[in-house]
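One structure below.
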Amino acid sequence: MKRHIVRVGLYCLVALALAGALRFTPPLPEPDRKAAEVLVAQAATPTWKLRFDTLGRGESLQALLRRGGLTDGEVASAIKAATSLDARRIPAGMPVAIKTAATDSLPSEVTLQLSIDRLLHLRRSGDSWAGTDEQLPWTTDTIVVSGTIASNLYDAMDASAKGDLPAAARQQLAWSLADVYEYRVDMSRDLQVGDEFKVVAERSVAPTGAVRMGKVIAATFKLSGSIIDAVRFASESVSGQYFDQTGKSMRAAFLRAPLEFRRISSVFGGREHPILGGWRLHKGTDYAASTGTPVRAIGDGVVSRAGWGSGYGNLLEIHHRNGYVTRYGHLSRFASGVHVGSHVAIGQTVAYVGSTGLATGPHLHFEVLIGGQQRDPRVALKQSGGEPLPKTDRSAFEQLRDRLLASIETPSLGVVRLALH
Ligand SMILES: [Zn+2]
């Protein structure tokens with residue numbers, strides 16, 4: 001972690017140095033390229049002294065500026081010029097570059113990196129200071145990440161994107177992919193060794209090297225031989241939703257899992273909990289998650305039980321349409337307003353994970369019952385698709401689907417850039 005912070009810090013300083021080298025040159029006459037080149041070259045010569053610093057924990061900006069060579073009077077005037085700066089919100093560790101002419105004892109420019117893509121330049125002219133904000137541009141492109149499941153989705157994402165995406169971006173992409181498929185696939189339970197995925201997503205890269213993942217545009221998942229494609233589609237009647245290859249909504253009457261994929265302890269990945277066991281042992285599915293993790297109703301319904309259920313501990317039971325009943329056990333508590341008779345909506349937080357009743361540790365015990373019998377959720381909740389697209393959108397959707405799916409046909413693993421925006 002510490003090394004990571006150091007590296008990010010270095011990126012910031014390099015970016016700042018670059019921004020500095022470009023920005024610390026005096027304003028140029030617009031068309032005169034030759035003059036510009038000379039001035040840039042001069043900036044790299046020892047005409048200027050460039051000092052990099054960072055704001056210490058609990059340190060004031062005033063103290064930092066004094067350390068950089070500004071007198072008390074100038075500190076006051078420079079801070080007055082920093083109108084866009086909220087002095088109470090300056091983060092400790094903020095990188096600062098201070099530029100002084102070799103022939104001068106007083107700095108002529110101070111650049112503060114307010115965030116990964118925002119700089120504030122304070123420039124001196126005589127004894128007065130002026131502030132200018134600068135927004136550094138992010139580069140956005142579209143990438144395809146392809147992977148094969150060896151143990152779980154996180155490991156597969158790491159194996160194929162490690163060199164190209166930082167850890168946080170890989171995790172974000174795994175979560176987004178799980179969200180797209182949350183009505184069809186329980187990413188913590190349904191994946192098998194050899195399953196394959198491809199995901200087309202937007203990526204933004206900051207000048208500092210920071211990466212932010214954007215929308216998933218399309219994806220394809222090969223699960224035990226069957227393929228589920230998902231394409232994001234928007235029109236006058238549809239607002240950016242996902243549809244499968246047949247044009248049916250990726251949404252359905254039930255979510256495949258009562259916990260969001262991002263909330264499930266990744267330690268256990270897609271494997272069975274070593275102590276709690278699989279479905280056959282006790283006719284339920286256990287999800288390892290920490291106490292207090294929100295539990296969501298997997299479908300619309302009415303609460304039929306919310307209280308103590310001996311071995312189940314705090315137990316919530318919901319009646320859904322078509323004779324489906326779901327049970328959620330070992331809860332630490334119920335969400336406010338959830339009691340017998342309450343109507344709950346799909347995805348609504350209804351309770352929180354705990355370890356009440358006969359539980360060896362915090363986890364959620366989940367059951368699906370049909371006609372009073374526990375069923376394997378992998379079978380009971382298997383869904384082939386939601387509402388089809390309106391007829392008027394079909395041809396536009398099919399064109400988009402064919403174009404996107406063709407663009408990711410190539411079997412190469414890893415990260416491939418598809419387009420630069
Ligand atoms: Zn259980």
- Query: So which residues in segment 61-102 are over 32 Å from the mean Cα position of the chain (by Cα) and either on the phi > 0 side of the Ramachandran plot or without any contact (Cβ under 8 Å) to a residue 24 or more places away in the chain (or both), if there are any at all?
  - Reply: Gln62, Ala63, Arg66, Arg67, Gly69, Asp72, Val75, Ala76, Ile79
- Enumerate the pairs (first residue in segment 383-403 and on the phi > 0 side of the Ramachandran plot; second residue anywhere and buried (at least 17 other Cβ atoms within 10 Å of the Cβ) and modelled with pLDDT under 95) with beta-carbon separation below 8 Å, excluding pairs fewer than 6 apart on the same chain, so at least 6 apart or on different chains. Gly385/Ala252
- Query: Which residue, of Trp138, Trp129, is under 30 Å from Leu65 (Cα atoms), buried (at least 21 other Cβ atoms within 10 Å of the Cβ) and in contact (Cβ under 8 Å) with a residue 40 or more places away in the chain?
  - Reply: Trp129
- Among the residues of segment 355-394, write down those that are within 14 Å of the ligand (Cβ to nearest atom) and not in a strand (DSSP E or B). Ser355, Thr356, Gly357, Leu358, Ala359, Thr360, Gly361, Pro362, Asp376, Pro377
- Task: Collect the residues in segment 360-401 that are touching a helix residue (DSSP H, G or I) at 6+ places or on another chain (Cβ under 6 Å) and within 14 Å of Ala257 (Cα to Cα), keeping them in residue-number order.
- Result: Val368, Asp376
- Query: Looking at segment 304-354, which of its residues are assigned to a strand (DSSP E or B), closer than 16 Å to Gln373 by Cα and of a type in the set (Lys, Arg)?
  - Reply: Arg327
- Residues being in a helix (DSSP H, G or I) and either touching a residue at least 40 places away in the same chain (Cβ under 8 Å) or in contact with a helix residue (DSSP H, G or I) (Cβ under 8 Å, 6 or more places away or on another chain) (or both): count how many of those fall in segment 156-166. 5
- Please tell me if His343 is surrounded by 14 or more Cβ atoms within 10 Å (Cβ to Cβ) and away from the ligand (no atom under 16 Å from the Cβ). no
- Item | Checklist (1) of a type in the set (S, T, N, Q); (2) surrounded by fewer than 18 Cβ atoms within 10 Å (Cβ to Cβ); (3) touching a strand residue (DSSP E or B) at 6+ places or on another chain (Cβ under 9 Å) applied to Thr326, failing item | (2)
- In the set Gly126, Gly131, Gly163, the lone residue that is more than 16 Å from the chain's Cα centre (by Cα), assigned by TED's automatic domain parsing to the domain that holds Ser105 and at pLDDT below 90 is Gly126
- Taking Val216 as meeting all but one of (1) closer than 24 Å to Arg296 by Cβ; (2) in contact (Cβ under 8 Å) with a residue 24 or more places away in the chain; (3) part of a loop (DSSP other than H, G, I, E, B), write down the number of the exception. (3)
- Query: Can you tell me which residue in segment 254-283 is modelled with the lowest pLDDT, limited to those that are surrounded by 21 or more Cβ atoms within 10 Å (Cβ to Cβ) and within 16 Å of the ligand (Cβ to nearest atom)?
  - Reply: Ile264
- Task: Filter segment 219-232 down to the residues that are over 21 Å from the mean Cα position of the chain (by Cα) and touching a residue at least 40 places away in the same chain (Cβ under 8 Å), then identify the one that is nearest to Asp393 (Cα to Cα).
- Result: Asp229
- Note on the structure: For segment 281-303 the number of residues that are in a strand (DSSP E or B), aliphatic (A, V, I, L, M) and more than 17 Å from Gly337 (Cβ to Cβ) is 1
- With respect to Asp195, determine if the residue is under 18 Å from Val416 (Cβ atoms), among the charged types (D, E, K, R) and assigned by TED's automatic domain parsing to the domain that holds Leu405. no
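The values are calculated or read from the model by the stated rules, or taken from the named source; none is laboratory data. Keep in mind that this is a model prediction, so the values were computed, not measured. Positions of Cβ are generated from backbone atoms using ideal geometry, with glycine treated the same way; all protein chains shown enter the neighbour counts.
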